[in-house]
Amino acid sequence: MLEFTDDELRHLSQEFESAAPQAIIAWAADTFCPDLAVTSSFQTQSLPLLHMIAEIRPHLRVFFIDTGMHFWETLLFRERVQQELGLNVVDLYPDDRWRVFLRNFGRRLPSEDPNLCCYLRKVQPLQKAMSELQAWVSGIRRDQTAARARAQILERHANGLIKVNPLLNWTKADVEAYRARYHLPAHPLLEKGYPSVGCAPCTQPVSPGTDDERAGRWKGRDKRECGLHTEMFDKTISVSLERFST
Ligand code: SF4
């Protein structure tokens, strides 16, 4: 296992600020494979990263978190992109120990306790999948949310996992230019007003011309992130389940 001191990681991260995403992905693959995986929500803006992975290291595992609450369009798009790019997609599901709880209360969770819902359906499955790996490639960009604006290209989580964010300095325009250049498909809900697509109960269409691509996510709530890219990823469950007791 390769070890990096905090200084080494910071220095490399600074160097990568001016590097092309492909160079950062190639470095991550050379440095951490086979203990490396990518995450993707298979949205329109996911396509550049997925296309680069297919070009650079097609056998790399791409984790797709199947919350059980996706739009069917997302599931079909995930299948299409996997087949067209020849990706090695691995679906992640909520831990089986929550099966009865989610069967009884799963429909209420998105509206009554979205943080708990995201934790059980997204964060915990990824924590488990990443627990045996050294590094994780994510497609977040600084222009997406305030939390993402503070991210670094290389980050270390509390458990030692190194997160690699090769597209951090890309803009929405960069994504669109790359998609056009390589004729990459769009998620079917994009043309219906969904620039960012999460789970069905928590995603609304946005008005044409809205700059904030995540404006339709958890609309009307003070929530912009599911927790995969925030401090929630380093936590264990801390939310009271009392209100859901039978
Ligand atoms: S996005 Fe909504 S439905 Fe999906 S896990 Fe989070 S709260 Fe639950």
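Bear in mind that the values in this text are calculations on the coordinates, not laboratory data. Just so it is clear, the structure is predicted and the values come from calculations on it, not from any experiment. Here the Cβ positions follow ideal geometry from the backbone for every residue, glycine too, while neighbour counts run over all protein chains shown.
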- Query: Hey, among the residues in the range 126-146 that are within 15 Å of residue 234 (Cα to Cα) and in contact with a Lys or Arg (Cβ under 8 Å, 6 or more places away or on another chain), which one's surrounded by the most Cβ atoms within 10 Å (Cβ to Cβ)?
  - Reply: 136
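What number of residues in the range 185-213 are of a type in the set (D, E, K, R) and either at positive phi or buried (at least 19 other Cβ atoms within 10 Å of the Cβ) (or both)?
Just the residues of the range 185-213 that are of a type in the set (D, E, K, R), to begin with: 191-192, 211-213.
Filter again for either at positive phi or buried (at least 19 other Cβ atoms within 10 Å of the Cβ) (or both), leaving 213.
So the count comes out to 1.
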- Please tell me if residue 138 is closer than 23 Å to residue 202 by Cα and under 13 Å from the mean Cα position of the chain (by Cα). yes
- Query: Looking at (1) over 18 Å from residue 226 (Cα atoms); (2) part of a helix (DSSP H, G or I); (3) aliphatic (A, V, I, L, M), can you tell me which one residue 89 breaks?
  - Reply: (2)
- Item | Contacts under 7 angstrom Cβ, first residue in the range 197-217 being farther than 25 Å from residue 107 by Cβ, partner within 15 Å of the ligand (Cβ to nearest atom), 6 or more apart | 213/196
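Okay, residues lined up against (1) farther than 20 Å from residue 174 by Cβ; (2) surrounded by fewer than 23 Cβ atoms within 10 Å (Cβ to Cβ); (3) touching a residue at least 40 places away in the same chain (Cβ under 8 Å):
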residue	(1), (2), (3)
24	no, no, yes
33	yes, yes, no
45	no, no, yes
48	no, no, yes
51	no, yes, yes
63	yes, yes, yes
79	yes, yes, no
92	yes, yes, no
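Can you pull out every residue in the range 32-62 that is among the small types (Gly, Ala, Ser) and touching a Ser or Thr at 6+ places or on another chain (Cβ under 6 Å)?
Taking the range 32-62 and keeping what is among the small types (Gly, Ala, Ser), we get 37, 40-41, 46, 54.
Once the filter is applied, which keeps residues that are among the small types (Gly, Ala, Ser) and touching a Ser or Thr at 6+ places or on another chain (Cβ under 6 Å), the range 32-62 yields 40, 46.
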